[in-house]
Every structure is written in structure tokens, then in C-alpha cells.
Amino acid sequence: MGDIRLLLGDEAIAQGAIDAGISGCYAYPGTPSTEIMEYVQRTPQAAAKTVHARWSANEKTAMEEGLGMSYAGRRAIVCMKHVGLNVAADGFVNAAVTGTHGGLVVVAADDPSMHSSQNEQDSRFYAKFAFIPSLEPASQQEAYDMMAYAFELSETMCVPVLMRITTRLAHSRADVRTAGTARAANPLSMPPDAKRFILLPGIARRNYQGLLDKQPKFLDLAEQSPFNTFTDGPDKSVGILAAGITVNYLRELFPDGVCPHPVLKLSQYPWPKAAIQRLLDSCGTVMVLEEGAPFIEEALHGALGLSPTITGRLTGALPRTGELSSETIARALGLPTRPGLQPANPVAVLRARPPRMCDGCPHIDAYKALLDALGDTGKGHVFADIGCYTLGALPPFEAINSCVDMGASISMAKGAADAGLFPAIAVIGDSTFTHSGMTPLLDAVAHGSRITVLILDNGTTGMTGGQESLATGRLDKVCAGLGVPPDRIRAITPLAKQHAANVEALKDAIFGNDKGVTVVIASRECIQTARHKRV
Amino acid sequence: MQQSKMNIVIAGVGGQGILSIAGVIAQAALAAGLRVKQSEVHGMAQRGGAVEAHLRISPDPIFSDLVPIGGAGIVCGMEPMEALRHLPHLNPENGWIVTAAEPLVNIPDYPAVETILAEIRRLPRHLILPVNEMAKAAGNVRSGNMVLLGALSTRLPLPETALLDGIARLFHAKGAAVVDVNLKAFAAGRTAACA
Ligand code: SF4
């Protein structure tokens, strides 16, 4: 007997994966995907160590570790935010070529509207790119139910399966009915044809052809998928193709959720061509509702411009960017919307309230020291990275000049230094450093690039809520191991009372640096993490 | 108890405990056999930025995870400007705005609080309470969110006992004294809303 639980979309996925008999969950924290791993870690199965559930150094290592578990016959889930899939892409795309043994499901959580991200890329492109099936649940319940299906699909077709979700599903709770029982984990077993994991050209060519040969089957499965459903309606003036959660915004507009137009709800890809053709034939025009990019819509229009029979984000019926809502869809369908009350004088009473670093945050003292150390050097010398310290871009600090992707602080500082910029300073957190900062540091050391790297070691992955950081406390040894000379690895404690000493230490590191790399490690624990430890 | 369908928008600043308010109501609704959707903000905005939770409860299936514009029976705020920010969600015919009177000033250009409160008072159905002061009187200034929950509770289609159970469960791990303070805070809010 199952029970009903209130679960975030992320948690429903985690519970679904546990009930599908996973032996491992591999992930790097990133909004809005973080809660999947956190939920697995909280479960008794993980505590009993029958499910491996530890944070990996980055999404690429997570992806490959998941593939390794699949190779050994067991089921694994790999979770990341959308931009994490860029990092994991090499392993992800090639895992489709090797194929899987134990079920392997990759969850990518997209962030349309960029609530907590640097772009709104659409992970469905990656599944298409890798020639594998993908799933896009429309609700928390479906996310749960799909996990068992996804693992079966992966094991029968011997490919990884991508589940794509978006922020709104990831971070919304709903009542979810769970099975109440977990399938037994697969036993350890070698793949019967283990050679296919050796992607030498001869084998890779054969595998790749095999993957292409599976495409008609993937299409067939999507045509018959229990998650792709057609609901007829009397008003054939337009048919609606609603992918993932957009079907909820649509149904919201009508009493009891009954849309008068024919609706094809789409949650399994490759998109079911026959079902879409039937919708188009019966209505003449199709409106495409999809979160993220106009992925299906663009294909339906064709390569040579807009088709008069298709509407959506590309035709201006819906906004080109950002999350959809019941209001945007109502406007596209010409339905009335409520105006919504407004303050009499919004300008006088409403102000933007951007996020900021917590009072007492160690990064604040680090930035104050850095700004004073730079003195009148002028702007444009500080390359930063992804984490709470990115908020140092905002007033009152305005201390940084870039934030691009995980690890780019060090690589960009190096490139700028190679171009002649001095000083060139990288600011990077401890977790981001172990994610993708070590390799560019190796470049900088090997090439003797004249940069200063300020590693902010707050002992945790702060921005996503304080997850384990893998090299905290031994970053000096990591840097020394990468070849930074020991006398060029300095330590400071970012505290107000140490300000004067810290300014001197940073000045010396930055301006006393006549060649090569200098590293300054600023260590003090994130106050949020410290507080959680106390209670 | 009123009709058992309800949309609520809960607004505040990261760290003020609005997810706990939403969580207690959602659990109580589930215990009462209702359907629930509760959308919340995680990630970057939780660092002292504007945050909100959308909460929907109903005996019938719920579609959108978001409260429609003009669809909230209650817009409540742990902070008056944040409550006002979500005014477009308030149902103009029957919606209540319930908010803390005290501003949380963590931006340099925070507007004059009197202007904000005057805007709220203009609305036909509003309740403005000195939530932090009441929390302090109940024993802990950080239980303001439970004062606000108490103030909302009279307008929720849920039995008070279910909410009290939810509070007890939420704070259970922190010990009996903490549970007690939060129940007191809830009671203070509820009494004020009935007055
Ligand atoms: S969570 Fe920690 S690291 Fe992030 S701003 Fe707050 S104190 Fe600083």
C-alpha cells in the first residue's frame, strides 16, 4: 500500500528513483536540482549505504560515475542543473554511444526566467543531440511515476534516458501517491558485451550505427507512451501541443480543467510525429506551448521560416523567453485575463530587493580587503566565479568584473594576463575551485601566467544551501600539488579585525607578484553553515 | 470554516521563514484530505532577496503551481513592501491582505514605511500587525512567521488543530521550549485576527 506525501518535484523524482531500485545517486549541487540528492541522502536506504549518495566534484565526474555504476549492472541516477549538463556533456553524449547496462537516468533541471542561473538553455536539445529518449513530467505525481518507467526504458533500450524538468516543477510541492515499496536493486553484473564500452573508432562506429538503428523504436515508444496523451475537444479552431508543465497552465484557464480545444500533452521525446500530424490535420493550426526554447515549434515551422499553421514563442503569440504562465497562455488564446490590483503609486512604494551576502559573511570581509588592496588600480581586474561571492558584483562592493561559468575566474584571469593585463585576479570559492578551478590553475602554473588567485574557502557549497565541499581545509595542499610554489601560497582569515593585515597580505600577493601564480586562501566558515551546525 | 478552496501568496525576505508558514499550511491541508500545490523560491534569492511562496489547496485537482493574477484569497507578508509587491495576485472581490507592520530595511532606498502602510490601508480588507513585536512578547522575536500564520489561520479552510499539529511537528526537533514559543506566537496572531 502506498501513501500520500507532500513532495517537491525534485523529491518526487528522488523517491521515484529510490523506489525504482537505484544503487547510486550522483550529482553536483545546483539550483533547481539540489533537492534530489538531498532527499536521497535523507532516506534510510542511503543511511544504510545500500544507495551511494555523495556529492561529486562536478557534473562530469557525476555523469561518469553513474555510467560506471551502470556498467556494473546497477541502476544510477545523475542529477544536475541545466548548465551542469554542459560540464557533463562529454560523458553524457558518449554514454549514448557506449550504451548502458544497469538503468541510467540523467535529470537536468532547467531554469527558464533565470531565477538562479546565467542562462535559460533547454536540455531537450541535449537528448536530441545524443540521440536518446527524454521525458518531461507535467506534475510531481508524473515525475514520481516516470522514474520506474525511465529505468525500464533505459534497461530495455540500453541507453541513458534524460529527464528534463524546470524550476517550477522542481520547487513546487504537491501531494504524491508513492508505491510504498522499493524494487530490489540489481545485482552486480558485468555487461555481457563489455567491449562496447571501449570507444575505439572501430567499435564506436558500430555502436553509433546501433544507436541510430534504435531511433525508430524510440519514436514508436513515444507514439505509444502513456505520458503522451491526446484529449479531444469540440473547438477545432486551434489544436494545442502542450509540453511538460505547460498543460497545467492551459487547464487552469477552464472550469474543471477541460480545454475546449483538442490537446496533445507531450511528455516523452522524440516528439511523436504521427500524433502531432493528427492534431494538425484535425485542427489546421497548432499552438505549441513549451517551457524554455521553442524546441518543437521551430522544428514544426521548418527550416525556411515561419509556417502559417504553427503558433507559439517564435510567432510572438507567446513571449520568446521566460517561464510561461496561465496568463501568457490566456493572452495567446485571446481569453480574458484579470488586470490585477496595483498600488496607486508603485514607484513610491516598491523597490527591487536583490539578494545580498548575509550579514557577517566571510566574503564581505574578503572583498573589503581586496578593494582596499587594489586601491586606485581601477576597475576591470577581478574575474569572479559562481557562488554567493558573485553577489560582490552588486553595490556596495561592485568588486568583480566577470561571472561566466564554473571555474572561468582562473582561466579568464590567465587569458587576460597572457594578453598583458596586470594585475589579473581570480576570485573563486572552495567548491567551485574543486569543480573546475584546478585545471586552469594547472595551466597558469605550467605557463607561468602572472595571476593572483584568491580562493574563498567558506568550508561549504554556500549558495545552494551548504553541501559538502570536497577539498575544504586542504586547498593549500591541492595548490602545492598543482605546482604553485609553497612561498606563493598565502593564508588569510577574512575578519573585520584582521582587515589591515589582510590588505597588506593581498597587496603583497598582487603587486609583489613579478611572475607566475600566487594563491591567497581566505578561510572562514559560512555563517549559515556554522549556524546549522550549532542547532 | 469557509469554502475549502484557497489560494495564498506568502511574501517576505529570504530568511524570514515564509517557507515554514507555507509548509505548515500545506501539511495541514494534506492531513485534512485536500489536494495541495505549493511553489516556493530556492537558490539565490534566499540570500536576503525578495522571496515568495504560492500555496493552493482544494478538494479538487489543482492545475497550475502558481496562483493566478487576481486569484489569491490571501496575500500575506512578513514585511509590508513585500506584501504590497504581490498586490496583483490579490482577489479584488474578496481577498485579504495580511502583513507585518515592521519593514525589513536591507536596501539603501527603502521607501517611507508610512506610504507603504497607507497603500495597504486603502484596501477594503487588510490586517496589519506588529508581528515582530508580538513574537518578542511570545518569547522569541524569530517566531514572527508563526504570529503571521496565526493571523491568517482564521481565514483558512482548515481546522486549527491541524495547524497546531503542524507547528509542533515542524519544531519538534528543536525541543519543547521552542515548540511552546511558536504555539504562543501562533495564538497571539490568531487572537489579534479575531479581535
Ligand atoms: S550563505 Fe554563507 S557564504 Fe553565502 S552569503 Fe551567506 S554567509 Fe556568505
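The values are calculated or read from the model by the stated rules, or taken from the named source; none is laboratory data. Remember, predicted model here, so these are calculated numbers, not experimental data. Because the Cβ atoms are built from the backbone with ideal geometry, glycine has one as well, and the counts that use them run over all protein chains shown. When the accessible area is computed, the model is the full protein with side chains, heavy atoms only, and any ligands, DNA or RNA have been set aside. Shrake-Rupley method; radii C 1.70, N 1.55, O 1.52, S 1.80 Å.
Quick check on the stretch A:119-140. Is at least one of its residues within 23 Å of A:Leu8 (Cβ to Cβ), in contact (Cβ under 8 Å) with a residue 12 or more places away in the chain and either in contact with a Cys (Cβ under 9 Å, 6 or more places away or on another chain) or among the basic types (Lys, Arg) (or both)? Yes, there is a match, as at least one residue in the stretch A:119-140 is within 23 Å of A:Leu8 (Cβ to Cβ), in contact (Cβ under 8 Å) with a residue 12 or more places away in the chain and either in contact with a Cys (Cβ under 9 Å, 6 or more places away or on another chain) or among the basic types (Lys, Arg) (or both). Taking each residue of the stretch A:456-467 that is in the same structural domain as A:Ala426 (by TED's automatic domain parsing) and looking for partners that are more than 9 Å from the ligand (Cβ to nearest atom) and of a type in the set (Lys, Arg) with beta-carbon atoms closer than 7 Å, six or more apart or interchain, yields A:Asn458/A:Arg524.
Screening A:Leu370 with (1) away from the ligand (no atom under 16 Å from the Cβ); (2) of a type outside the set (D, E, K, R); (3) at pLDDT 95 or above gives one miss only, at (1). Among (1) open to solvent by 10 Å² or more (accessible area, probe 1.4 Å); (2) more than 10 Å from the ligand (Cβ to nearest atom); (3) more than 19 Å from A:Asn513 (Cα to Cα); (4) among the small types (Gly, Ala, Ser), where does A:Gly448 come up short? Among (1) open to solvent by 10 Å² or more (accessible area, probe 1.4 Å); (2) more than 10 Å from the ligand (Cβ to nearest atom); (3) more than 19 Å from A:Asn513 (Cα to Cα); (4) among the small types (Gly, Ala, Ser), the lone unmet condition for A:Gly448 is (3). Selection within the stretch B:58-72: residues that are more than 8 Å from every other protein chain (Cβ to nearest Cβ) and more than 14 Å from the chain's Cα centre (by Cα). The member of this set that is surrounded by the most Cβ atoms within 10 Å (Cβ to Cβ) is B:Val67. Counting the residues of the stretch B:137-186 that are over 18 Å from B:Met78 (Cβ atoms), free of Cβ contacts under 8 Å to residues at least 40 places away in the same chain and buried (at least 17 other Cβ atoms within 10 Å of the Cβ) gives 4.
Hey, could you check the stretch A:337-350 for residues that are in contact with a helix residue (DSSP H, G or I) (Cβ under 7 Å, 6 or more places away or on another chain) and not aliphatic (A, V, I, L, M) and say which is farthest from A:Ser237 (Cα to Cα)?
Once the filter is applied, the top-ranked residue is A:Pro343.
Listed by position, the helices (runs of 4 or more DSSP H) contained in the stretch B:47-149 that have at least 3 residues being more than 30 Å from A:Thr166 (Cβ to Cβ) are B:113-121, B:131-138. Any residue at all in the stretch B:27-43 that is in contact (Cβ under 8 Å) with a residue 40 or more places away in the chain, more than 30 Å from B:Tyr110 (Cα to Cα), more than 9 Å from every other protein chain (Cβ to nearest Cβ) and crowded, with 24+ Cβ neighbours inside 10 Å? Among the residues of the stretch B:27-43, at least one is in contact (Cβ under 8 Å) with a residue 40 or more places away in the chain, more than 30 Å from B:Tyr110 (Cα to Cα), more than 9 Å from every other protein chain (Cβ to nearest Cβ) and crowded, with 24+ Cβ neighbours inside 10 Å, which makes the answer yes.
Would you check if there is a residue in the stretch B:73-82 being surrounded by fewer than 24 Cβ atoms within 10 Å (Cβ to Cβ) and at the interface with chain A (Cβ under 8 Å from one of its Cβ atoms)? Looking through the stretch B:73-82, none of the residues is surrounded by fewer than 24 Cβ atoms within 10 Å (Cβ to Cβ) and at the interface with chain A (Cβ under 8 Å from one of its Cβ atoms).
Restricting to the stretch A:318-330, name every residue that is surrounded by 15 or more Cβ atoms within 10 Å (Cβ to Cβ) and more than 8 Å from every other protein chain (Cβ to nearest Cβ). Once the filter is applied, which keeps residues that are surrounded by 15 or more Cβ atoms within 10 Å (Cβ to Cβ) and more than 8 Å from every other protein chain (Cβ to nearest Cβ), the stretch A:318-330 yields A:Leu318, A:Gly322, A:Glu323, A:Leu324, A:Thr328, A:Ile329, A:Ala330. Within the stretch A:348-364, residues that are over 14 Å from A:Leu394 (Cβ atoms) sit with their Cβ atoms under 6 Å from residues that are within 13 Å of the ligand (Cβ to nearest atom), at 6+ positions apart or across chains, in these pairs: A:Gly360/A:Ile527; A:Pro362/A:Asn458; A:Pro362/A:Pro494; A:Pro362/A:Arg524. Residues in the stretch A:494-535 that are hydrophobic (A, V, I, L, M, F, W, C), within 16 Å of the ligand (Cβ to nearest atom) and within 26 Å of A:Thr434 (Cβ to Cβ): A:Leu495, A:Ile521, A:Ala522, A:Cys526, A:Ile527, A:Ala530.
Being open to solvent by less than 30 Å² (accessible area, probe 1.4 Å), of a type in the set (S, T, N, Q) and either farther than 15 Å from A:Ala150 by Cβ or out of contact with any helix residue (DSSP H, G or I) (no Cβ under 7 Å at 6 or more places or on another chain) (or both) is the filter here; which residues of the stretch A:108-138 pass it? Within the stretch A:108-138, A:Ser116, A:Ser117 meet the criteria. Looking at the stretch A:233-254, which of its residues are of a type in the set (Gly, Ala, Ser) and within 14 Å of another protein chain (Cβ to nearest Cβ)? Passing the criteria: A:Ala242, A:Gly244. Here's a check for you: in the stretch A:340-350, which residue that is under 19 Å from B:Val75 (Cα atoms) and at the interface with another protein chain (Cβ under 7 Å from one of its Cβ atoms) is modelled with the lowest pLDDT? Only one residue tops the list, namely A:Ala344. Only residues that are within 7 Å of chain A (Cβ to nearest Cβ) and either at positive phi or open to solvent by less than 10 Å² (accessible area, probe 1.4 Å) (or both) were counted in the stretch B:83-93, giving 3.
If you go through the stretch A:355-383 and pick out every residue that is in contact with a strand residue (DSSP E or B) (Cβ under 8 Å, 6 or more places away or on another chain) and within 12 Å of another protein chain (Cβ to nearest Cβ), you end up with 1. Note on the stretch A:217-256: residues that are open to solvent by 10 Å² or more (accessible area, probe 1.4 Å) and closer than 16 Å to A:Ser282 by Cα total 9.
Residues in the stretch A:382-408 that are within 16 Å of the ligand (Cβ to nearest atom), of a type in the set (Gly, Ala, Ser) and crowded, with 24+ Cβ neighbours inside 10 Å: A:Ala384, A:Gly387, A:Gly392.
Restricting attention to the stretch A:309-329, the residues that are within 20 Å of A:Pro262 (Cα to Cα) and out of contact with any Phe, Trp or Tyr (no Cβ under 9 Å at 6 or more places or on another chain) add up to 7.
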